[in-house]
Amino acid sequence: MEEVPQGCPGTGSAQAGRGASCQGCPNQRLCASGAGAAPDPAIEEIKEKMKTVKHKILVLSGKGGVGKSTFSAHLAHGLAEDENTQVALLDIDICGPSIPKIMGLEGEQVHQSGS
């Protein structure tokens, strides 16, 4: 699982994608282009869709590599065992989504954004 490079300046910084810590990050090109600092056009659509979601569970940690994606995938599978329940899983991993791989959905279209 990929982690945010230590010392990442963030998408809003003038050094985004240009700093030494950016070397090797999958988002380096996106950050350097400045596109990551622009608001994602899909944000409003996502906000509207999220209003219809009755229950939301956030799995969060300040450290990478602790199993957040694995836990989230198992939790989604467990909740989906109830045939009367609709379950969705949103991965907002900064350095590349691992959920498509875990869920066996590699090759499917995934919305990616620097913001």
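The values are calculated or read from the model by the stated rules, or taken from the named source; none is laboratory data. This one's a predicted model, so the numbers in the text were calculated from it and none came from an experiment. Cβ sites come from the backbone with ideal geometry, for glycine too, and all protein chains shown count toward neighbours. Please note that ligands, DNA and RNA were not included when accessible areas were found on the heavy atoms of the full protein model with its side chains. Shrake-Rupley method; radii C 1.70, N 1.55, O 1.52, S 1.80 Å.
Looking only at the range 22-43, decide whether some residue is open to solvent by less than 100 Å² (accessible area, probe 1.4 Å), within 20 Å of Leu105 (Cβ to Cβ) and hydrophobic (A, V, I, L, M, F, W, C).
Looking for residues that are open to solvent by less than 100 Å² (accessible area, probe 1.4 Å), within 20 Å of Leu105 (Cβ to Cβ) and hydrophobic (A, V, I, L, M, F, W, C), one finds at least one in the range 22-43, hence yes.
Taking Ile99 as meeting all but one of (1) open to solvent by 70 Å² or more (accessible area, probe 1.4 Å); (2) within 15 Å of the chain's Cα centre (by Cα); (3) at pLDDT 85 or above; (4) not basic (Lys, Arg), write down the number of the exception.
Every condition holds for Ile99 apart from (1).
Can you pull out the residues in the range 1-21 that are in a loop (DSSP other than H, G, I, E, B), at pLDDT 80 or above and surrounded by fewer than 15 Cβ atoms within 10 Å (Cβ to Cβ)?
Arg18
For the range 65-80, state whether one or more residues are open to solvent by 70 Å² or more (accessible area, probe 1.4 Å), within 26 Å of Pro9 (Cβ to Cβ) and either modelled with pLDDT under 80 or not acidic (Asp, Glu) (or both).
Checked against the condition, which is being open to solvent by 70 Å² or more (accessible area, probe 1.4 Å), within 26 Å of Pro9 (Cβ to Cβ) and either modelled with pLDDT under 80 or not acidic (Asp, Glu) (or both), the range 65-80 yields at least one hit.
Residues of the range 44-64 being of a type in the set (Val, Ile, Thr) and open to solvent by less than 100 Å² (accessible area, probe 1.4 Å), which ones? So that I can check it myself, show each step before the final result.
From the range 44-64, those of a type in the set (Val, Ile, Thr) are 46, 52-53, 57, 59; that's our starting set.
Across the range 44-64, the qualifying residues are Ile46, Val53, Val59.
For (1) over 24 Å from Lys101 (Cβ atoms); (2) under 15 Å from the mean Cα position of the chain (by Cα); (3) not hydroxyl-bearing (Ser, Thr, Tyr), each residue gets a yes or a no:
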residue	(1), (2), (3)
Ser13	yes, no, no
Pro26	no, yes, yes
Leu30	no, yes, yes
Glu44	yes, no, yes
His55	yes, no, yes
Leu79	no, no, yes
Gln86	no, no, yes
